[in-house]
Amino acid sequence: MISNKQILSVMTQLEEARKKKSPCLKKDRQIAAALASKGNRLIIATNTPPTPKLVCSKCRRENNLPGEDSYNCPALHAEVKCIVTGLNYRYPMIESSLVTTHFPCIHCAMLAVYAGIKKVYYRYEYYEEEKKDIVIGFLNEADVEIYKI
């Protein structure tokens, strides 16, 4: 598995990636994630639309709270992008770790469990505190370990 020192190194890479590569116009919604396998191979992704044609010139959710009216946003969550990229390249996800700048939403948590991820590391809290307990309960039931860095 990935060591604590490696986790901190990955988190530093994610902080840089989210600032440089996430096209999200709202700075608090720039998120990055990494998938780390047993062989220490990494996939790093940010929340971005599936094609450059869909990058926003003006935020479509300007007056919305995070998580609210997400259908207007063309961006894919960074965690989802990591897992989909892993699938595309036959990346070994069973027993891998997900490192993300922000605590994952329930949909990203479900996808992580389905992909076989066993550890989730994050730095920043979930934007909907009242729903975080649901996500934690789900991950705990699936025997996924959660660590705040």
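Identification of strands (runs of 3 or more DSSP E) wholly contained in segment 72-149 with 1 or more residues that are without any contact (Cβ under 8 Å) to a residue 24 or more places away in the chain yields 119-124.
For segment 85-101, the criterion of being touching a Leu at 6+ places or on another chain (Cβ under 9 Å), at pLDDT below 90 and more than 15 Å from residue 45 (Cβ to Cβ) is met by no residue. Among the residues of segment 55-66, the ones that are surrounded by 14 or more Cβ atoms within 10 Å (Cβ to Cβ) and either out of contact with any Cys (no Cβ under 7 Å at 6 or more places or on another chain) or at pLDDT 75 or above (or both) come to 4 in all. Give me the residue from segment 29-52 that is part of a strand (DSSP E or B) and in contact (Cβ under 8 Å) with a residue 60 or more places away in the chain and, out of that set, surrounded by the most Cβ atoms within 10 Å (Cβ to Cβ). Filtering segment 29-52 for residues that are part of a strand (DSSP E or B) and in contact (Cβ under 8 Å) with a residue 60 or more places away in the chain, the one surrounded by the most Cβ atoms within 10 Å (Cβ to Cβ) comes out as 33. Of all the criteria given as (1) at pLDDT below 80; (2) exposed (fewer than 14 other Cβ atoms within 10 Å of the Cβ), the one not satisfied by residue 143 is (1).
Of the residues making up segment 2-28, those that are touching a residue at least 12 places away in the same chain (Cβ under 8 Å), of a type outside the set (S, T, N, Q), under 26 Å from residue 62 (Cβ atoms) and surrounded by 12 or more Cβ atoms within 10 Å (Cβ to Cβ) are 14, 15, 17, 18, 21, 23, 24, 25, 26. Looking only at residues of segment 90-140 that are aliphatic (A, V, I, L, M) and surrounded by fewer than 19 Cβ atoms within 10 Å (Cβ to Cβ), we find that the one that is nearest to residue 6 (Cα to Cα) is 94.
The values are calculated or read from the model by the stated rules, or taken from the named source; none is laboratory data. Only a predicted model underlies this, so the values are computations on that prediction, with no experimental measurement involved. In this analysis, Cβ positions are derived from the backbone assuming ideal geometry, glycine residues included, and neighbour counts consider all displayed protein chains.
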